[in-house]
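The values are calculated or read from the model by the stated rules, or taken from the named source; none is laboratory data. Computed from a predicted model, the values in this text were never measured in an experiment. Don't worry about glycine lacking a Cβ; one is built from the backbone with ideal geometry, like all the others, and counts go over all protein chains shown. Surface areas here come from the heavy atoms of the whole protein model, side chains and all, with no ligands, DNA or RNA. Shrake-Rupley method; radii C 1.70, N 1.55, O 1.52, S 1.80 Å.
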Amino acid sequence: MGKKLKSAGLVGVGVVAGIAVSLQFSAMAQRAAEPALPLEELRQLADVYGLIKSDYVEQVEDKKLLTEAISGMVASLDPHSAYLDKKAYAELREGSQGRFVGLGIEIAQSDEGYIRIVAPIEDSPAYRAGIKAGDLITRLDSMPLKGLSLDESVKKMRGEPHSKVTLTVLREDEPQPLTFSLVREEILQKSVKGKIVEPGYAWLRVAQFQEPTVDDLAAKITELYRQEPNLKGMVLDLRNDPGGVLQGAIGVAAAFLPKDTPVVSTNGQLPDSKQIYYARAEYYSLRSDSDPLARLPEAVRRVPLAVLVNTGSASASEIVAGALQDYKRATIIGTQTFGKGSVQTIRQLTADTALKLTTARYYTPHGRAIQAKGIVPDLLVNEYPDGDGLNALRMREADLTRHLANDREEEAAKERRDELEEQARILALEKKRKPLEYGGTGDFQLAQALNHLKGLPVQTAKPESAIVQAAAK
């Protein structure tokens, strides 16, 4: 990549589009000298291929066999490397641009096995039809969704522009299921939103790092300062932000740091993977002739800052939180992050297919490795006053099969509170809760962040929770 980021990179864990990925796009890299091929193993592969073609119970297409062989080879490396077929590659590119064809809903898995609406995206087909946060989708057309993974459900909800789909929905205060007939359309997903939550204090949320994120962030910060020129504090909300485009992470950190400050470094086998990225436009602007942050109020680099994170904060989110924590520019508040500290490079294979390959680990400015560890907050604060809700049951990078090890410290054995009794207690409690609206009046972690900025007492996690999360410190 050289000194300048010439193409988009992805660092992310996604609700609408994937889990923890740090991406950069590039052409196929050619090595000067290829290592000798393992002939014996290749003969075995050819033998297996021949046996399937000759002996399997029914005919199998050559393309299917070879594609699946490639997929299996890449998937065996780590949880984030993958072969991208035509559909998967198109979806990845759409997601990085913040555009996709679908219904316009953010979703999560419900404990009943259905798909729960986190929020409809403003001015989307779902929003206009009256779908609400907390609704449970049970069927898509005639197909039951119970038991499907989030990724499978997302794929079924997306489709061609102007195609129709019917959702069957359960709503808490309705005795009978509701049906909604929707028409898919291109959705522009805004990655940044914010507001003045009370006089002198702003809330700024980055939901995902996309190509427009730095421009959107600059516009939103400018708007907030126009509304409240004398801000006393700001909360940057990165909870459940799965990551995304690397330039977005660098730009968000750069908005709050002095120019030319190192933000993140990477290290891998290739010379291009050994890089340091700085808080200047050539590293975060996707247009060579502009600096989206140039007109920001200077006060934004001095305003007291708190950053909210949780188990769903991954990769690009961890880059931002780690940089601001290293320089003591912000107080990190919430729960330990996902721990996805690797970079995936997109190597295009054909016009429609590509390889997503882990090519480097990334590190905070002070050299901390995030991989399989995450960011431990300065102040451990649960999602609710009585506990961390479903976050306590979430998987993290270190729980994934074949996860890449942290190369700078040994992985500590984790004490995980996964006893059936504890799971049942948390799930029973969650059934009684209303869906949490980030930035709303019932947002406990935001309230604690505001207390910290005002110098008021903060209700931190109970001692046993703090011990479990700090064990990996």
Scope the stretch 191-203; condition surrounded by fewer than 17 Cβ atoms within 10 Å (Cβ to Cβ) and either within 23 Å of residue 158 (Cα to Cα) or basic (Lys, Arg) (or both); matching residues: 193, 195
Can you tell me which residue is most open to solvent (accessible area, probe 1.4 Å) among those in the stretch 217-232 that are farther than 26 Å from residue 94 by Cα and not polar (S, T, N, Q)? 226
Out of all the residues in the stretch 101-110, is one or more in contact with a Pro (Cβ under 9 Å, 6 or more places away or on another chain), open to solvent by less than 30 Å² (accessible area, probe 1.4 Å) and more than 23 Å from residue 147 (Cβ to Cβ)? yes
Check 169, 214, 206, 183 and return the single one that is open to solvent by 50 Å² or more (accessible area, probe 1.4 Å) and of a type in the set (Val, Ile, Thr). 183
Among the listed residues 218, 133, 119, which satisfies the condition of being of a type outside the set (S, T, N, Q) and in contact with a Leu (Cβ under 6 Å, 6 or more places away or on another chain)? 218
Inside the stretch 36-81, can you point out the residues that are open to solvent by less than 60 Å² (accessible area, probe 1.4 Å), free of Cβ contacts under 8 Å to residues at least 40 places away in the same chain and of a type in the set (Val, Ile, Thr)? 52, 60, 67
Cβ contacts < 6 Å: first residue on the phi > 0 side of the Ramachandran plot, restricted to the stretch 332-344; second residue assigned to a loop (DSSP other than H, G, I, E, B) and open to solvent by less than 10 Å² (accessible area, probe 1.4 Å), any location; separation 6+ or different chain. Result? 334/310; 334/377; 334/381; 339/374
Name the single residue that is least open to solvent (accessible area, probe 1.4 Å) among those in the stretch 346-362 being of a type in the set (Ser, Thr, Tyr) and under 17 Å from residue 403 (Cα atoms). 362
Residue under evaluation residue 236, criteria (1) open to solvent by 10 Å² or more (accessible area, probe 1.4 Å); (2) modelled with pLDDT of 95 or more, criterion not met: (1)
Can you tell me which residues in the stretch 370-393 are open to solvent by 10 Å² or more (accessible area, probe 1.4 Å) and under 28 Å from residue 265 (Cα atoms)? 372, 373, 376, 378, 379, 380
If I filter the stretch 412-420 for residues that are under 30 Å from residue 343 (Cα atoms) and at pLDDT 75 or above, do I get at least one hit? no
Is there any pair linking a residue in the stretch 96-109 that is modelled with pLDDT under 75 and among the charged types (D, E, K, R) to one that is assigned to a strand (DSSP E or B) and open to solvent by less than 10 Å² (accessible area, probe 1.4 Å), with Cβ under 9 Å and at least six apart or on different chains, and which? 99/187
